[in-house]
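*Asks:* Pasting a structure here, questions to come.
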Amino acid sequence: MTLTVFLGSLLAAMALGMPIAFALLVCGAALMFFMDQFDAQILAQNVISGADNYVLMAVPFFILAGEFMNAGGLSKRIVDMANAWVGHIRGGLGYVTIVSALILASLSGSAVADTAALAALLIPMMRDAGYNTARSAGLVASAGIIAPVIPPSIGFIIFGVAGSVSITKLFIAGIFPGMLMALSLVLTWWWVSRRDAAQIRPRMSVVQRLTRMGAGVWALVLPVIIVGGLKGGIFTPTEAGVVAAFYALVVGAFVYRELTPAKIYHALLSTAKTTAVVMFLVAAAFVSAYLITVADIPGQLKVIFAPFMDSPKLLMAVMMLVVVLVGTALDFIPSVLILTPVMLPICKEAGIDPVYFGVLFIMNNAIGMITPPVGVVLNVAAGVGKVSMEEVIRGVWPFMLAETAVLFLLVLFPELVLVPMQWFR
């Protein structure tokens, strides 16, 4: 019955148009009333303890790093560099999009920031070159969601805090799956664009390529610093966020000289707004997480999942299907915060590695960002790229299916996550 109260109150609050953070608080209060344990002090304490977490300090710094990168010219030079090396191939701007997204993902960890940068730079270029606009916007949106899977991922930070899982291990484990997502987009783009009559760009000379490479090398250094520092134990994920933000500030302001005081102010303001939303969501979710534990909702769900507990792969497949369905209605961060305390204990009891589950869980929720009708990344690609929402939805399907196929490939073959994780460690 507690499961019914939990889901019913949450869905009812959302149906009334209540913001997710407040819906989570209402859901927690409803559970307390049902269990005859209502105490406003417990609600307040859990809200405060949810936000009072040192590891979560990494979130605003990685968001700030993404803002500095976009405003300071790092994103633009990454696109220029990718264009110099693969822009001349048939369908070249599509490959430029994927390569740029992979590099940007290793810098910011934010799907929204990466998609905005790619949409602003590449959708107009692809439109002018004669590419199918709907397909181009769909590719940009699909490439943008690599960011939550490649370190430094804001999604991994939130999952790690919510589930008490090592964030450093999650970062390292996400590298190879993120590359597989990019590879799936390459293959899909080759298939869907092979008959396009788009303009083929001229091949750049070696000197031009090296010049673009030299201009973009400052951006390429950052992921090496972050992954190397985490792997070597030089700094924590929170300190990595500070390093990323400081590095993007210095390069944008003093190397590329595009990050002016006015742009710094707007980057700080945008970061503060985004951080406030994220942190309030996390704080409210800790109330629900506490009451989920008290009400033993994972134990009740275990009865539902009992037929699959003896087969970890089947259990993972069923759970991923549930997350796919949830992703059509919930945004990325609320979905992670609500489902982590419910699903993770069941996975641990079934003998599933929590890091492996975390990687697939975050990948699945990332795909939810391009799943209609809620998909926030679809809205970003449509708004920034000046494309209708209908066109983006029409163009995203082949790429979304390719990334979903990668997800279930990882369900069938966990070694694709666990073995490379040991290599990188």
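*Asks:* Confirm whether Pro307 is without any contact (Cβ under 8 Å) to a residue 60 or more places away in the chain and crowded, with 20+ Cβ neighbours inside 10 Å. Write out each step before concluding.
*Replies:* Values: without any contact (Cβ under 8 Å) to a residue 60 or more places away in the chain: yes; crowded, with 20+ Cβ neighbours inside 10 Å: no.
So Pro307 fails the test.
*Asks:* Hey, another quick one. Report yes if Gly94 is part of a helix (DSSP H, G or I) and at pLDDT 85 or above, otherwise no.
*Replies:* When the stated conditions are applied, Gly94 passes them.
*Asks:* Taking the options Leu259, Leu269, Leu281, Leu291, name whichever one is buried (at least 20 other Cβ atoms within 10 Å of the Cβ) and farther than 21 Å from Pro152 by Cβ.
*Replies:* On inspection, the qualifying residue turns out to be Leu291.
*Asks:* From the list Val59, Val161, Val55, Val140, exactly one residue is more than 30 Å from Pro345 (Cβ to Cβ), in contact (Cβ under 8 Å) with a residue 12 or more places away in the chain and of a type in the set (Val, Ile, Thr). Which is it?
*Replies:* Within the list Val59, Val161, Val55, Val140, the selection yields Val140.
*Asks:* Pick out, from region 258-350, the helices (runs of 4 or more DSSP H) lying fully within it that include 3 or more residues that are among the hydroxyl-bearing types (Ser, Thr, Tyr) and under 20 Å from Leu360 (Cβ atoms).
*Replies:* none
*Asks:* Going by the conditions given, is Gly241 touching a residue at least 40 places away in the same chain (Cβ under 8 Å), surrounded by 15 or more Cβ atoms within 10 Å (Cβ to Cβ) and under 24 Å from the mean Cα position of the chain (by Cα)?
*Replies:* yes
The values are calculated or read from the model by the stated rules, or taken from the named source; none is laboratory data. Bear in mind the structure is a predicted one, so any value in this text is a computation, not a measurement. Cβ coordinates were reconstructed from backbone atoms using ideal geometry, including for glycine residues, and neighbour counts include every protein chain displayed.
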